[in-house]
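Novice: Pasting in a structure now, in structure tokens, and then I'll have a few things to ask.
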């Protein structure tokens, strides 16, 4: 039996597995209560379970709460079982929930003025950033000296975008290409891979045309409604850098479950 408060080999292996594959899960640690304090239970967003808190009934109610926690987008939170299990359990336990997820990734499709500014800003904010364009001169390393950005020349948009997104976990995709055709090729790849965030630049008219074409190809309404189009928060952006700021602000809000409003709005109500 491992020493108290030390993760078992099963837990260590599970964490390594989740990180290596870029999956999302929650690690629940028993902080106080009946049972083995320090025991850990891991629940993936797919439903896979590793470890135990030492009590089947406690495991059951915690697994249900794990799904709600993952939906909330919170990074970490301490719960009493009374918070979510009521009087279901005889004794009260204190639990730490910690979100386990890959480093956030940003895939920018289109390396024009907005795309270049967005890639630089995303990299600065800690996103593992990939910038894709079918014009080699737009993703030249000379244009991004000193930037930690993966630059990809797309021989074919669909395959390049799909490869960059991977399994979609922790991935935000901003489509800021130069035209309808490129937009549609990128979106066709995106709706198949289902990243956490998808945004499409352009006017309401332009974005509606692209989305309608996808609808006609049989794309489901559930997927289409999750496309942020036009992309970004309404901050009155004009310059490419301001537009990039509006986009990254929406991506951060989506990642953390923020609402994107003014923090001081309550003073004016």
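Just so you know, all these numbers are worked out from the coordinates, no wet-lab data involved. None of the values given here were measured: they were computed from a predicted structure. Here the Cβ is made from the backbone with ideal geometry for all residues, glycine too, and neighbour counts use every protein chain on show.
Novice: Quick check: the angle from helix 180-193's long axis to the longest principal axis of the chain, C-alpha only, nearest 10 degrees?
Specialist: Helix 180-193 and the main axis of the chain meet at about 20 degrees.
Novice: Let me ask you something else. What's the percent breakdown of Cα-Cα distances in the chain across 10 Å bins, shortest bin first?
Specialist: 6, 26, 27, 20, 15, 5, 0
Novice: Next up: Between the alpha-carbon centers of the range 173-220 and the range 225-269, tell me the distance in whole angstrom.
Specialist: Result: 19 Å between the Cα centres.
Novice: Continuing with this model, one more query. What ranking do 109, 219 get, fewest neighbouring Cβ atoms within 10 angstrom at the top?
Specialist: On the way: 109 31, 219 17.
Least crowded to most crowded, the residues run 219, 109.
Novice: A further question on this structure: Pull up the DSSP beta bridges for the chain and report the antiparallel fraction as a percent, rounded to 5.
Specialist: Working: 20 of 41 bridges.
Among the beta bridges of the chain, antiparallel pairing accounts for roughly 50 percent.
Novice: Does the range 191-269 come out rounded, prolate or oblate, given a ≥ b ≥ c as the square roots of the eigenvalues of its C-alpha gyration tensor, rounded meaning a/c under 1.5 and, failing that, prolate meaning a/b above b/c?
Specialist: Details: a/c = 2.21, a/b = 1.71, b/c = 1.29.
Verdict is prolate for the range 191-269.
Novice: Right, next: Could you calculate the contour length gain from residue 192 to residue 217, that is, 0.36 nm times the residue separation minus the distance between their Cα atoms, to one decimal place in nm? Spell out each step's value before the answer.
Specialist: On the way: separation 25, 0.36 × 25 = 9.00 nm, distance 1.27 nm.
Gain in length upon complete extension: 7.7 nm.
Novice: For helix 204-216, report the angle its Cα long axis makes with the longest principal axis of the Cα atoms of the chain; keep it between 0 and 90° and round to the nearest 10°.
Specialist: 70
Novice: Tell me, what is the FRET efficiency for residue 268 and residue 37 to the nearest 0.05, using R0 = 41 angstrom and their Cβ-Cβ distance as r?
Specialist: Numbers: r = 47 Å, r/R0 = 1.15.
So, using R0 = 41 Å, E works out to roughly 0.30.
Novice: Gain in length, residue 259 to residue 159, computed as 0.36 nm per residue apart minus the alpha-carbon separation, to one decimal in nm?
Specialist: Values: separation 100, 0.36 × 100 = 36.00 nm, distance 3.32 nm.
Stretched fully, the residue 259-residue 159 segment lengthens by 32.7 nm.
Novice: Can I ask one more? Sort out for me the Cα centre separation of the range 75-103 from the range 104-149, rounded to whole Å.
Specialist: When both Cα centres are located, 39 Å separates them.
Novice: Would you please put 27-36, 112-121, 75-84 in order of how densely packed they are, using the mean number of other Cβ atoms within 10 angstrom per residue and starting with the highest?
Specialist: On the way: 27-36: 18.1, 112-121: 22.8, 75-84: 14.2.
Highest to lowest by the protection proxy: 112-121, 27-36, 75-84.
Novice: Normalised by the number of residues in the chain, what is the relative contact order in percent for Cα pairs under 8 Å and 6+ residues apart? Don't skip to the end; give the middle numbers.
Specialist: Working: 472 pairs, mean separation 38.0, N = 269.
Once divided by the residue count of the chain, the mean separation gives 14 percent.
Novice: Under the classification rounded if a/c is under 1.5, otherwise prolate if a/b is larger than b/c and oblate if not, where does the range 105-256 fall, given a ≥ b ≥ c as square roots of the Cα gyration tensor eigenvalues? It would help to have the intermediate numbers written out before the result.
Specialist: Values: a/c = 1.45, a/b = 1.26, b/c = 1.15.
Rounded shape, in that the Cα axes give a/c under 1.5.
Novice: Here's something else I'd like to know. Could you work out the helix-only [θ] at 222 nm for the chain, with each DSSP H run of four or more residues adding -39,500 (n - 2.57) and the total divided by the number of residues, to the nearest 500 deg cm²/dmol? Kindly include the intermediate steps, with their values, before the conclusion.
Specialist: Numbers: 9 runs with 103 residues, N = 269.
Taking each H run of at least 4 residues, the total per residue is -11500 deg cm²/dmol.
Novice: Taking square-rooted eigenvalues a ≥ b ≥ c of the alpha carbon gyration tensor, is the range 1-109 rounded, prolate or oblate, where a/c under 1.5 means rounded and, failing that, a/b exceeding b/c means prolate? Write down the numbers at each step before the final one.
Specialist: On the way: a/c = 2.34, a/b = 1.45, b/c = 1.61.
Verdict is oblate for the range 1-109.
Novice: In addition: Taking the Cβ-Cβ separation of residue 76 and residue 241 as r and a Förster radius of 41 Å, what is the calculated FRET efficiency to the nearest 0.05? Working shown, then result.
Specialist: Working: r = 33 Å, r/R0 = 0.80.
With a Förster radius of 41 Å, E is 0.80.
Novice: So, one more: So, by mean Cβ neighbours within 10 angstrom, what's the order for 175-186, 139-150 with the highest one leading? Show your work: numbers first, answer last.
Specialist: Working: 175-186: 21.2, 139-150: 13.8.
Taking the mean over residues of other Cβ atoms within 10 Å, the ranking is 175-186, 139-150.
Novice: To continue, here is another question. Kindly state, to the nearest 0.05, the FRET efficiency for residue 12 paired with residue 88, given R0 = 35 Å and r defined as their beta-carbon distance.
Specialist: Details: r = 31 Å, r/R0 = 0.88.
Result of the calculation: an efficiency of 0.70.
Novice: Quick check on packing: order 257-264, 19-26 by the mean number of other C-beta atoms within 10 Å, highest mean leading.
Specialist: Numbers: 257-264: 9.8, 19-26: 16.8.
Packing proxy ranking, top to bottom: 19-26, 257-264.
Novice: Be a star and scan the range 7-28 for residues whose amide nitrogen sits under 20 Å from the point 7 Å along the Cα-to-Cβ vector of residue 46.
Specialist: 10-28
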